[in-house]
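Down below is the structure, laid out as structure tokens.
The values are calculated or read from the model by the stated rules, or taken from the named source; none is laboratory data. Predicted model only: the values in this text are computed from it and were never measured. Here the Cβ is made from the backbone with ideal geometry for all residues, glycine too, and neighbour counts use every protein chain on show.
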């Protein structure tokens, strides 16, 4: 079975939208407030898409009070992924056979089914370390390092964050920078974008065994205590990615411009995707927290835009009901909508020229809705257990529908279940 890299979009789906943009370890929103030298947060996450990706991810975060307002935080993550992922080709009225990335085998999709590559098997290990210390009377610095590795992808990063509190302690300014150096090492080499996927046993055209990718981030944040019960936070983000940004395992179907059917020659029927080698992005995050007599409401809105043409809006709502004996119940609603990238194409028209093209539905016009519920048990004044269950639905639209393509569901909805168990201990 072919081993392949976990889709980056899966990681984005699983990531907390308001976590550190620079790769640092985010604080647990429900962390116990008792003073302690050690704090351990652990979680076990399960994510499963219907008939597609299945992921299991244990996480352990350890925070140590080193004294004199200095803290060391280490976070360890291991995730294992199996299942199938859409390869980018469109469903057709006939079975389709595809060459694996290594070029040593094939897999077949039945008629009228979305082509899914069944060979995703991957394990990733990651470590993040943050060192927090005072730099002045009202200035705190957090310096971070992160490293992750899997068989075809490696990432190394550094980050630095400065938090400055005004003298009255009501306002905090934040400035953060981060840099990641990644290496992409796909099975079978890096395919030349928009070249044909060969028919077994032909060899695909490649640009070498690996390619580099650099990521820079800059964040400016502001938070203000509005009242005894209200906190307002604003964050502006700017980032740039450069290098190899394509997905080496995604392809597009080449079709007749009049009928919409795939071209007759199997050797000309599929092409590897090609994305621009640079991406600049900006974001605005607004978060408001309000405490009622006991309960807490958290609202956040995030706007994102980039020079690929993707614009997105995210609304996130959480309401924490405080129950007896320190237990709590927290419903969650997340609504996400985005516009398609400029180079998103459901299929390629034979004879037309393209500078860039991708059929990855996560670059399409898309709406994602997530509904969830979390329950927390206070086991003592220094420990807590929680369980979170969520349902997610993604709906995307094709860029165009040509001829016989109207008989197919070109971009089916994706349903997913998320289940997480957590445990926090202070001592």
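Apart from one condition, residue 305 fits all of (1) under 23 Å from residue 277 (Cα atoms); (2) touching a strand residue (DSSP E or B) at 6+ places or on another chain (Cβ under 6 Å); (3) crowded, with 20+ Cβ neighbours inside 10 Å; the exception is (3).
Can you find a residue in the range 210-218 that is in contact (Cβ under 8 Å) with a residue 60 or more places away in the chain, more than 30 Å from residue 293 (Cβ to Cβ) and surrounded by 15 or more Cβ atoms within 10 Å (Cβ to Cβ)? Checked the range 210-218: at least one residue is in contact (Cβ under 8 Å) with a residue 60 or more places away in the chain, more than 30 Å from residue 293 (Cβ to Cβ) and surrounded by 15 or more Cβ atoms within 10 Å (Cβ to Cβ).
Against the criterion of being in contact with a strand residue (DSSP E or B) (Cβ under 9 Å, 6 or more places away or on another chain) and modelled with pLDDT of 95 or more, residue 120 does not qualify. Of all residues in the range 123-146, one or more are in contact with a strand residue (DSSP E or B) (Cβ under 7 Å, 6 or more places away or on another chain), within 30 Å of residue 246 (Cα to Cα), modelled with pLDDT under 95 and surrounded by fewer than 19 Cβ atoms within 10 Å (Cβ to Cβ).
Within the span defined as the range 326-338, one or more residues are farther than 28 Å from residue 219 by Cβ and outside any strand (DSSP E or B).
Picking from residues in the range 228-257 that are more than 23 Å from the chain's Cα centre (by Cα), more than 30 Å from residue 209 (Cβ to Cβ) and modelled with pLDDT of 95 or more, the one that is surrounded by the most Cβ atoms within 10 Å (Cβ to Cβ) is 255. For the condition closer than 30 Å to residue 404 by Cβ and in contact with a strand residue (DSSP E or B) (Cβ under 7 Å, 6 or more places away or on another chain), residue 73 does not qualify. Counting only strands (runs of 3 or more DSSP E) that sit completely within the range 70-189, those holding 3 or more residues that are touching a helix residue (DSSP H, G or I) at 6+ places or on another chain (Cβ under 9 Å) and under 30 Å from residue 217 (Cα atoms) correspond to 70-86. Going residue by residue through the range 84-96, is there one that turns out to be in contact (Cβ under 8 Å) with a residue 60 or more places away in the chain, farther than 23 Å from residue 54 by Cα and surrounded by fewer than 17 Cβ atoms within 10 Å (Cβ to Cβ)? Scanning the range 84-96, I find at least one residue that is in contact (Cβ under 8 Å) with a residue 60 or more places away in the chain, farther than 23 Å from residue 54 by Cα and surrounded by fewer than 17 Cβ atoms within 10 Å (Cβ to Cβ), so the answer is yes.
Listed here are the residues, each with its yes/no results for (1) buried (at least 16 other Cβ atoms within 10 Å of the Cβ); (2) in a strand (DSSP E or B).
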{"site": "384", "(1), (2)": "yes, yes"}
{"site": "388", "(1), (2)": "yes, yes"}
{"site": "392", "(1), (2)": "yes, yes"}
{"site": "400", "(1), (2)": "no, no"}
{"site": "412", "(1), (2)": "yes, no"}
{"site": "417", "(1), (2)": "no, yes"}
{"site": "422", "(1), (2)": "yes, yes"}
{"site": "425", "(1), (2)": "yes, yes"}
